[in-house]
Every structure is written in structure tokens, then in C-alpha cells.
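Written below as C-alpha cells is the structure these notes are about.
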Amino acid sequence: MVKTTLLFFLTAIAEIVGCFLPWLWLKKGMSAWLLLPAAASLALFVWLLTLHPAASGRVYAAYGGVYVVTALIWLRVVDGVKLSTWDWIGALVAFSGMLIIVAGWGRA
């Protein structure tokens, strides 16, 4: 389960970077050249999704929990926004859902 969880976090980082770079271009007036590493990051995201050992629907459902946690960590570290207690509670609930789904992969 640790390997799968780490793979989910890598997948989420690839997706967030792939979306953050175009945001910088569109909202912050940065170079359109950011679209090239953004596209590469999104391609990496898609490839990483194929490495997960379950049916795609289960992978997407479980991935959602990790994405929530990763996005909140990104919000704190990159954007510098202090997270609230509600943010942490929501992240815990989402991550718990991911753990439940992954735990059931071998039983389905």
C-alpha cells in the first residue's frame, strides 16, 4: 500500500504542475514557453496513472483522496496560504477514503 500511495502522490504532483504552469502563463503573465513543461508534466501524469494496479475507475476514485491532500500541501507550500482546521479535516477524510478503496483492491 505504501508503494501505491507514493505513486498516487507522484501522479498528483505531475497533474498539479501540469495545471499550475499554464495558470502562471494566463494569470501572472509569464512566458508561454511554460506550456511545454506543462504538457510534458500532464503526459507524465497520464503515464503514471497507467502504472496503478487496478481498474481505472477505482484508480481515479482512490486518486481523488490523494489529490486533495497534495493540492492542500501545494496551497500551503507554493502559494503560502495557511491551512485551516477544516482543510486538514477534509484532507483526512479524503485520504481515509483512498486508503479504504486501495485496501479493497485485492478483495474486489
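Please treat every number below as a calculation from the coordinates, not as lab data. Note that the coordinates shown come from a computational prediction; the quantities given were computed from them, not determined experimentally.
Structure above, values below:
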quantity: Cα shape, the chain, gyration tensor, a/c 1.5 rule; calculated: oblate
quantity: Acute angle (nearest 10 degrees) that the helix 85-103 long axis makes with the longest principal axis of the chain, alpha-carbon atoms; calculated: 50 degrees
quantity: Cα gyration tensor shape of the stretch 1-58, rounded if a/c is under 1.5, else prolate or oblate by comparing a/b with b/c; calculated: prolate
quantity: Anchor LYS27: aspartates and glutamates whose Cα lies under 15 Å away (excluding residues fewer than 8 positions away in-chain); calculated: ASP79
quantity: Cα-based helix-to-principal-axis angle, 35-50 vs the chain, degrees rounded to 10; calculated: 10 degrees
quantity: Whole-Hz ³J(HN,Hα) from phi, Karplus 6.51 cos²θ - 1.76 cosθ + 1.60, for the stretch 16-31, glycine and proline x; calculated: 5, 4, x, 9, 5, 5, x, 4, 4, 5, 6, 9, 10, x, 7, 5
